[in-house]
Amino acid sequence: MVKFQRSFGFLEICFLIFSLGLSACGDATATVNVAKPTAGVIPTTSASGGGTKMSLKEPLQIDLPKINWISSSPPRIPTLAISQDGKYLAVQGEQEREEGVFVWQLPDGKLVTQTKDFQAQRFLSFVGNTHQLVNELPLVWDFDSNKKVIEGGSATGLFTNEGQQDYDSSNFTSEAKVSPDGSVLFGHGLPDKASKFYVKPAFWNLQTGKLLYRFDMTPAAIAYTPAFNLQTNPTVVAVQSPDSSGRLTITSHNIATGQKTDEWSISQGSSKTAFFLLSPDGSTLITDGTDSGFWDVKTHKKIAPLPPKQLFGRFITPDNKYLIGENNNQLTVYEIPSGREVAKLNEVYKAKDSNGELKDTPLLLQSLTISPDGKYLAAAGNRTILVWSLAELNSSK
């Protein structure tokens, strides 16, 4: 079976962090220390006896001892993003009691810029292969010039929710998503002042701020199809949560014409125990229910059954070759569809103890993301960021 780690909503994660008693304290001035990665790949025999298991290079460690994650009560989760080409890493933090975003270069961890003029409390993403970032407002910010590019809201009339009565905000939740080419922004609306309803999620032209297409339902997951392009291939895949009968519905939509181009379903049994995971390009679906397995979204056919062992699923890599999961402070990479463990990554960083000696310290994971090109996996917590290179996985295909 697959034990899926669903993407928690913003408020749910905050409650979890608060209940664990995490601290969001820090000093005033930001410094960046980069731990040097060690070279080499060590092949070892896998525990199951089939194939080999890799030990990936030690992660790049970026320490932020003098910078806070956001000092709210409960503390907010640091938003984390990697650029489409895998060259930059961005995170939301707080310095001198002022919030802002910090950008580092990969793979060396060099600090490129930090700004207090742009904040990302719920959502942070790069815009295509540009030096631009977008947040939940939405506001697009160029970090080279440190200037605003485009901003949504009632003042500008952009990214607004036309026809939604008593709704005066266009802010998005953390489930927002930018298309790989940077042309489209998908967003779930926030509730109105009375918290009576959520605006149905929609797609906006990220360059003009104009509404393109709005769902008549609220999907649990969406993905832009391979080679997505607003002019030539404007297709997205959406997955709805199982209905009362346990049916999981998968649909495809042309967001330029507003047409639904495909619809099919899978039996998941009890809606309370049905889980699924959609690949970044919408081509592969993993289900763990009555009709479980790996599915080809385009043909509606099952590629392979789930392996008998328990998997902990959080991400499917962009090439659909691996499943990455987290359990007990350890990230595990599984091969698709065999379920074979390919690598284990310990969520451990180097920190000085009371004697000033560097010791391995468990990372209290707050954010986890994979780069769109599949080159890097980044984890944030304890005012520390760990970045693993996945080059060995890519070279082993």
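The values are calculated or read from the model by the stated rules, or taken from the named source; none is laboratory data. Since the model is a prediction, treat every value here as computed from it, not as a measurement. Cβ: placed from backbone, ideal geometry, glycine included. Neighbour counts: every protein chain shown. All accessible areas refer to the heavy atoms of the entire protein, side chains included, with ligands and DNA or RNA removed. Shrake-Rupley method; radii C 1.70, N 1.55, O 1.52, S 1.80 Å.
What the table below lists for this structure:
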quantity: Label-point separation, S245 to K200 (7 Å along Cα→Cβ), nm; calculated: 2.2 nm
quantity: Percent accessible area from carbon and sulfur atoms, segment 262-397, protein chains only, probe 1.4 Å; calculated: 47 percent
quantity: 10 Å-binned pair-distance histogram of segment 355-397 (Cα, whole percent); calculated: 24, 40, 27, 8, 1
quantity: Segment 241-311 - charge dipole about Cα centre, Lys and Arg +1 at Cβ, Asp and Glu -1, debye rounded to 20; calculated: 120 debye
quantity: Three-way shape label, segment 221-305, alpha-carbon gyration tensor, a/c 1.5; calculated: prolate
quantity: Highest average packing first - 364-377, 233-246, Cβ atoms within 10 Å; calculated: 364-377, 233-246
quantity: Dipole magnitude (debye, nearest 20) for segment 208-286, charges at Cβ of Lys, Arg, Asp, Glu; calculated: 160 debye
quantity: Relative contact order computed over segment 205-280 (Cα-Cα under 8 Å; 6+ residues apart), in percent; calculated: 25 percent
quantity: Long pairs among K116/K210; K116/K177; K200/K321; K177/K321; K321/K350; K57/K309, criterion Cα-Cα beyond 29 Å; calculated: K200/K321; K321/K350
quantity: Peptide ranges 332-340, 278-286, 255-263, 355-363 listed from the most packed, as the mean C-beta count within 10 angstrom indicates; calculated: 278-286, 332-340, 255-263, 355-363
quantity: Intensity falloff of segment 238-368 expressed as log10 I(q)/I(0), Debye formula with alpha-carbon point scatterers, at q = 0.10, 0.11, 0.12 Å⁻¹; calculated: -0.43, -0.50, -0.57
quantity: Net length gained if the chain between K148 and D319 were fully extended (0.36 nm per residue, minus Cα distance); calculated: 58.2 nm
quantity: Protection proxy ranking, peptides 149-155, 381-387, average beta carbon neighbours within 10 Å, highest first; calculated: 381-387, 149-155
quantity: Simple spin-label estimate for T257 and I303 in nanometres, 7 Å along Cα-Cβ; calculated: 2.8 nm
quantity: Interchain or long-range residues, amide H under 5 Å from V342's placed H; calculated: V333, Y334, E335
quantity: Gain on full stretching of the segment that runs from K210 to T290 - 0.36 nm per residue minus C-alpha separation; calculated: 24.7 nm
quantity: Extension gain from L365 to K352, taking 0.36 nm per residue of separation minus the Cα-Cα distance; calculated: 2.8 nm
